[in-house]
Amino acid sequence: GLTQAPELPATTLVSYCYNSMFQGCSSLTTAPQLPATTLAAGCYENMFNGCTRLTTAPALPVTTLANSCYISMFENCTSLTTAPALPATTLVEWCYYGMFKGCSSLTTAPALPATTLASNCYSNMFKDCTSLINAPELPATTLTNYCYNNMFYGCTSLVNAPELPATTLANNCYYYMFEGCTSLV
């Protein structure tokens, strides 16, 4: 029955502090502001997972990430139509893993300006985002293990794939990246 979240004024987070905090709150329509400037491992992991009425994500302006910081943060937020800007240019392991997985109303992906990747950084990020039409630019030229693993898996409305300028590859870097993208031209 929770429809409104409390204020979360902390600016420095600790490991797993908001992990799964609102998971399954299917009546939550508005997310709180997240003013933190210093993240920690797993701090926002699963925070809004399953918040099926959430339509807008809070701003996430932090540019220095922590391992697993945004894992599955908005997974299965089926009413989410707009993703927040993700300005980080240097990624860390598992940072965006499954972040928007199952967000079936998401039509536009955020810009992904990162040029320094880490293992599993984008794995499953947009998996099963069935309304996503265009993939964002992926400017990195040196890839890491599993960095784009399942990134667009099951995006059945995806028509346009990004250019893939990478010249240095890694194990399983493109593994199942576009599996099930039945509209891809």
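The values are calculated or read from the model by the stated rules, or taken from the named source; none is laboratory data. Keep in mind the model is a prediction, meaning the values are calculated, not measured. Note that each Cβ is placed from the backbone with ideal geometry, even for glycine, and that neighbours are counted across all protein chains shown. Only protein heavy atoms, including side chains, enter the accessible area calculation; ligands, DNA and RNA are left aside. Shrake-Rupley method; radii C 1.70, N 1.55, O 1.52, S 1.80 Å.
Averaging 1/r over every pair of different alpha carbons in the chain and inverting the result gives a Kirkwood radius of 16.2 Å.
By its C-alpha gyration tensor, with a ≥ b ≥ c as the square roots of the eigenvalues, how is segment 71-180 shaped: rounded for a/c under 1.5, else prolate for a/b larger than b/c, else oblate? Judged from the Cα gyration tensor, segment 71-180 comes out prolate (a/c at least 1.5, a/b above b/c).
The phi-based Karplus calculation (6.51 cos²θ - 1.76 cosθ + 1.60; θ = phi - 60°) puts the 3J(HN,Hα) values of segment 28-35 at 5, 10, 10, 8, x, 5, 10, x Hz, whole numbers, x for Gly and Pro. Name the most mobile residue of S119, S68, S15, meaning the one with the largest mean-square fluctuation, in a Gaussian network model of the chain with Cα contacts below 10 Å. It is S15. Amide H of L2 versus every other amide H placed in the peptide plane: which residues, excluding those fewer than 5 positions away on the same chain, fall under 5 Å? Distant-sequence amide H within range of L2: S27.
Out of segment 2-87, which chymotrypsin sites (Phe, Trp or Tyr not before Pro) are coil in DSSP terms and have no more than 12 other C-beta atoms within 10 Å?
Working: sites: Y16, Y18, F22, Y44, F48, Y70, F74; in loops: Y16, Y18, F22, Y44, F48, Y70, F74.
Nothing satisfies the criteria.
Need the full-extension length gain, L169 to E137, defined as separation in residues times 0.36 nm minus the C-alpha distance. One decimal, nm.
Numbers: separation 32, 0.36 × 32 = 11.52 nm, distance 1.71 nm.
My answer for the length gained is 9.8 nm.
Distance between the pseudo-spin-label points of T156 and T55 (7 Å out from Cα toward the beta carbon): 2.5 nm. The distance linking segment 1-44 with segment 97-174 is 24 Å (Cα centroid to Cα centroid, whole angstrom). FRET efficiency for the pair T116 and Y16, taken as 1/(1 + (r/R0)^6) with r the Cβ-Cβ distance and R0 = 22 Å, rounds to 0.35. Couplings 3J(HN,Hα) for segment 110-120, derived from phi with the Karplus relation 6.51 cos²θ - 1.76 cosθ + 1.60 (θ = phi - 60°), are x, 5, 10, x, 4, 10, 10, 9, 9, 3, 6 Hz, where x marks Gly and Pro. Annotation: per residue accessible area for the chain equals 43 Å², rounded to a whole number [probe 1.4 Å, protein chains only]. Between T30 and S79, the distance separating the two model label sites (each 7 Å from Cα on the Cα→Cβ line) works out to 1.3 nm. Each label point was placed 7 Å from the Cα along the Cα-to-Cβ direction; for S105 and Q4 their separation is 2.0 nm.
The relative contact order of segment 101-176 comes to 34 percent, based on Cα pairs under 8 Å that sit 6 or more residues apart.
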